[in-house]
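See structure below.
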Amino acid sequence: MDKNLNKINDPDLEAQIEKVVPFHGYLSTGAFIGIQMLNLARNLLDIKEGERIFVTCETQNCLPDPFQILRGCTIGNKGLHIVDHGKMAATINKSAENGEKTIKAVRIVLDPEKTINYPVFHAWYMNERKVSHEDAISELIKADGDVYSWYFIEVPVPVKGKKNVTICSICGESFIAEENESLCKWCANPENQEW
């Protein structure tokens, strides 16, 4: 990792890496991609320091961590949503003004048509051969954002409704009902129970 840090001339990026590493455990390629996507979104959406953002990550692997530690987006505060499509992609938006039904967002994708120009990184991305995180990140530093595609979209602003808390008629535990169901999701779908 130190070899890669010596290649970085941006003190802000260095500071971001220093915050992400203790949280994530090490500088993984996916975490570095998350940092780059966050910085790209900051520029594209003119996100100011301290401004609240919301992100939907399309993988649960590594990519979400920089958004958590650098911007405070968590599942619990509804700033982070994970829809695991197995893609290195994220959609980022700012907070909406009161009354807005949609908000401008940017969807950023790690683009294989662009990664092919960085063969070592492309081999990591497409899982063609074993490539160390250090070597993959070295290529990402060289690419400096050239491996991403993005486009702007309008995303719906969620409406916060009143919670409908009820008691499950099977297990007797309270749960938040989405409609008027009398069974919690656990009891309603015993074959889909996950831990």
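Since every read-out is calculated from the coordinates, none of them should be taken as a lab result. Just so it is clear, the model here is predicted, and its values are computed rather than measured. As a convention, Cβ positions derive from the backbone with ideal geometry for all residues, glycine included, and neighbour counts pool all protein chains shown.
Dipole size of the stretch 77-144 about its Cα centre, with +1 on Lys/Arg Cβ and -1 on Asp/Glu Cβ: approximately 260 debye, rounded to the nearest 20. In this simple spin-label model, placing a label point 7 Å from the Cα along the Cα-to-Cβ direction at both residue 51 and residue 185 gives a separation of 3.2 nm. Stretching residue 26 away from residue 159 to a fully extended chain increases their span by 44.2 nm, per 0.36 nm per residue minus the current alpha-carbon distance.
The ranking of 26, 148, 125 from fewest to most other beta carbons within 10 Å of each one's beta carbon is 26, 148, 125. Checking the Cα-Cα distances for 78/114; 48/94; 78/104; 104/160; 78/162 against a 21 Å cut-off, the pairs over it are 78/114.
Straight Cα distances below 14 angstrom link residue 101 to the aspartates and glutamates 154, with same-chain residues fewer than 8 positions distant left out. Across the chain, the longest run free of exposed loop sites, meaning trypsin sites (Lys or Arg not before Pro) lying outside DSSP classes H, G, I, E and B with no more than 15 other Cβ atoms within 10 Å, spans 8-47. Principal axis extents of the C-alpha atoms in the stretch 1-155 (largest first, rounded to whole Å): 49, 30, 25.
In this rough spin-label picture, where each label sits 7 Å from Cα along the Cβ direction, the residue 129-residue 85 distance is 3.1 nm.
When DSSP beta bridges are restricted to pairs lying wholly in the stretch 56-195, around 90% turn out antiparallel.
Fully extending the segment from residue 15 to residue 144 would add 44.8 nm, taking 0.36 nm per residue of separation and subtracting the current Cα-Cα distance.
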